[in-house]
Each structure stands twice: as structure tokens, then as C-alpha cells.
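Asks: Before anything else, here's the structure in question.
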Amino acid sequence: MGASLSTLGTNASTVNPGLGDIPESCVACVFLYLTPPEICNLARLNRAFRSAASADSVWETKLPPNYKDLLHFVPPQSCHNLSKKDIFALLSRPLPFDDANKVSALHEVWLERVTGGVCMSISAKAMAITGIDDRRYWNWIPTEESRFHTVAYLQQIWWFEVDGEVKFPLPADIYTLCFRLHLGRFSKRLGRRVCSYEHTHGWDIKPVRFELSTSDGQQALCEYCLDETEHDDAYGNHKRGCWVNYKVGEFVVSGSEPTTEVRFSMKQIDCTHSKGGLCVDSVFIIPSNLKERKRRKGILK
């Protein structure tokens, strides 16, 4: 009797299904509801999960509808015969382009790794900055703190104006545009980051006016004092000595137009006082559902 029970227990254990017995098609159906990082983590479980995690049907849903437009910025030999998973990995890295949709080092576009949303960054060098060619007012500073490795530093000026625009086939979504700015000049000394505020002045007198507009008539406007008396913001960060992402506004892309043109600017043109000591790095355009994640990584006003 005891031997029979023992045998029965052994047979039962051999027929219990495990993860390796789940059909690959079922695993692929589950992966449709997971994020790319979650899929990659589960791919390490067994062969069925690994095979499902490479299926084109899974990664097709993670790519934006116009992902082929993004592939125009990739050398043809780099994307030949790639799987959809490999295409996602390729587009998740920053791709340079210019406002004529050609390769350039002044603009970058990439897919956010979790949501697959299209993100974009525009260098200060791609913007029209009043007085930028006069070294009495502006200087270009090399730095590893910028994805473009260079920022524009303002020593002193009375007429402060920065304008830019970009044309791009953005997929349908709601996007947020923000300027990335820094009060004070930073450098490294003996391996440590230090900031100088020798030229920082004038930003607490009157606010800077930020604007954006799109080719289909959408507009947004806001004003910020860049150097308020109380330097702590609502998230416990100091505005001086930190990179701050100033949100200008949101705009909607419906997908009905092949390309979207976005114009943006920041101005403080009251010539009754000078202002200086400001670094201008770039403009970010990101899907609005990512702004909370951006806020956790930096200061998003």
C-alpha cells in the first residue's frame, strides 16, 4: 500500500505542468501587455519565453506607427534584415537629425524604452540666440552634462531672446515641450563639480516669457522667474546650480498631418536692466505621460 501511494505521488509530480509547458503563442499574447524591459527580463526564464520575446508580432506593438520614418536617420546597412526587436533596440538609442529631416548633430530623436514613445531634443546650437556671435555676451562651453556636449553660457545682456523651431513626423500623442536651463557657470575642480555665480543677476527682477506654437494653430504661453528669492522649489531642490526643465506647454498631434512644425521661444527683452549667468542647453519634446518620470530625474517646473 505504501509503495503504491509512493508511486502515485511520483507519477503525479511528473505530469504537473511548468512554465516550460506554456505554448509559445500564449506567452506571446501575454507579452503584448507588458513593457519592453519586462519582456526582456522574462525572456531569461526558459526557451519558450525567450522565443516569444523575439517574436515580431510582440515588438510590432511596441514600435510607434511611423517607426519607418525614424529608420530614415539610420544608415541603410545598419537596419537591413533586422527583426522588430532589433529595430526597437536600434531606435531606443539617440539618432541625430536636423530640421530638414537629415542627419545632424544638433537634434536627436529616440524611443523611450518603457513606453515606446517618441522623444526629441534640440541643441542650443540649433536655435537663434540674440548676440550669440558676440563673445562679450555669450560663450560656448564644452561639457559632459549636455547630451550635445556643448551649452551656451550668457555672461551679460540686456535683450535676451532665444528662438527655435523643428519639423518632424511625430506620431499621434500629447507632447510636452520644456527648456533645459542652468543658473550659474559650472566646472570641475579637483574632480568635484563647482559652480560660479559671478555673472548671475537680473533673473529675479522680471520673469522670462516662454512660448510655443504649432503649424495647426495650437499655442501655449507661460512666465517664470528663473532666480526667485526662495531658491527651494516644491520638490526640495535648489534652482541655482541645478539643471531645471521649464515646461512651456503641451500640444496634441492627431496624426492627420505628415509632419508637425513646432516653434518655441524664451524672452526677457526689458532693457531697463541686464541679466546674465545662465546656461542654455536644449529643448526637450516628450510624450506628456512621461513628464512625471522626468520630474523624478530632475527639476521639472
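Asks: Going by what's in this entry, would A220 be described as among the small types (G, A, S), at pLDDT below 95 and either outside any strand (DSSP E or B) or closer than 30 Å to Y67 by Cβ (or both)?
Replies: Taking the combined requirement at face value, the residue does not satisfy it.
Asks: Return yes when V151 is in the same structural domain as V118 (by TED's automatic domain parsing), surrounded by 15 or more Cβ atoms within 10 Å (Cβ to Cβ) and in a strand (DSSP E or B) and no when it is not. Please lay out each step first, then the result.
Replies: Values: in the same structural domain as V118 (by TED's automatic domain parsing): yes; surrounded by 15 or more Cβ atoms within 10 Å (Cβ to Cβ): yes; in a strand (DSSP E or B): yes.
Spelling it out, V151 is indeed in the same structural domain as V118 (by TED's automatic domain parsing), surrounded by 15 or more Cβ atoms within 10 Å (Cβ to Cβ) and in a strand (DSSP E or B).
Asks: In segment 20-52, what count of residues is obtained for those that are of a type in the set (G, A, S), surrounded by 13 or more Cβ atoms within 10 Å (Cβ to Cβ) and either touching a Leu at 6+ places or on another chain (Cβ under 9 Å) or on the phi > 0 side of the Ramachandran plot (or both)?
Replies: 2
Asks: Those residues that are over 21 Å from the mean Cα position of the chain (by Cα), under 22 Å from I286 (Cα atoms) and acidic (D, E), I need them from segment 179-220; list them, please.
Replies: Within segment 179-220, just D216 meets the criteria.
Asks: Could you tell me whether segment 172-179 includes any residue that is surrounded by fewer than 18 Cβ atoms within 10 Å (Cβ to Cβ) and of a type outside the set (A, V, I, L, M, F, W, C)?
Replies: no
Asks: Among the candidates G191, G184, G164, which residue alone is without any contact (Cβ under 8 Å) to a residue 12 or more places away in the chain and either small (G, A, S) or farther than 19 Å from A124 by Cβ (or both)?
Replies: Checking each option against the conditions leaves just G191.
Asks: Can I ask one more? I need the full set of residues from segment 111-125 which are closer than 16 Å to D173 by Cβ and without any contact (Cβ under 8 Å) to a residue 60 or more places away in the chain, in order please.
Replies: If the condition is that a residue be closer than 16 Å to D173 by Cβ and without any contact (Cβ under 8 Å) to a residue 60 or more places away in the chain, then L111 is the only one that fits.
Asks: Let me ask something additional. Quick check: is even one residue across segment 100-114 outside any loop (DSSP other than H, G, I, E, B), among the acidic types (D, E) and within 18 Å of the chain's Cα centre (by Cα)?
Replies: Yes, the conditions are met somewhere in segment 100-114.
Asks: Any residue at all in segment 131-145 that's within 16 Å of the chain's Cα centre (by Cα) and either outside any loop (DSSP other than H, G, I, E, B) or surrounded by fewer than 20 Cβ atoms within 10 Å (Cβ to Cβ) (or both)? Please lay out each step first, then the result.
Replies: Filtering segment 131-145 for residues within 16 Å of the chain's Cα centre (by Cα) gives 145.
Within this subset, residues satisfying the condition of being either outside any loop (DSSP other than H, G, I, E, B) or surrounded by fewer than 20 Cβ atoms within 10 Å (Cβ to Cβ) (or both) are 145.
Within segment 131-145, one or more residues are within 16 Å of the chain's Cα centre (by Cα) and either outside any loop (DSSP other than H, G, I, E, B) or surrounded by fewer than 20 Cβ atoms within 10 Å (Cβ to Cβ) (or both).
Asks: Find the residue count for segment 245-267, including only residues that are touching a Ser or Thr at 6+ places or on another chain (Cβ under 8 Å) and free of Cβ contacts under 8 Å to residues at least 40 places away in the same chain.
Replies: Number of matching residues: 0.
Asks: Also, I was wondering about something else. Only residues that are more than 24 Å from R193 (Cα to Cα) and in contact (Cβ under 8 Å) with a residue 24 or more places away in the chain: list them for segment 126-161, please.
Replies: If the condition is that a residue be more than 24 Å from R193 (Cα to Cα) and in contact (Cβ under 8 Å) with a residue 24 or more places away in the chain, then A126, M127, A128, I129, T130, G131, I157, W158, W159, F160, E161 are the ones that fit.
Asks: Also: Residues being in a helix (DSSP H, G or I) and among the small types (G, A, S): count how many of those fall in segment 40-93.
Replies: Residues that pass the stated criteria total 6.
Asks: Residue by residue through segment 187-209, note down the ones that are assigned to a strand (DSSP E or B) and surrounded by 19 or more Cβ atoms within 10 Å (Cβ to Cβ).
Replies: Of everything in segment 187-209, just one residue is assigned to a strand (DSSP E or B) and surrounded by 19 or more Cβ atoms within 10 Å (Cβ to Cβ), namely V208.
The values are calculated or read from the model by the stated rules, or taken from the named source; none is laboratory data. No experiment lies behind these values; they were computed from the predicted model shown. As a convention, Cβ positions derive from the backbone with ideal geometry for all residues, glycine included, and neighbour counts pool all protein chains shown.
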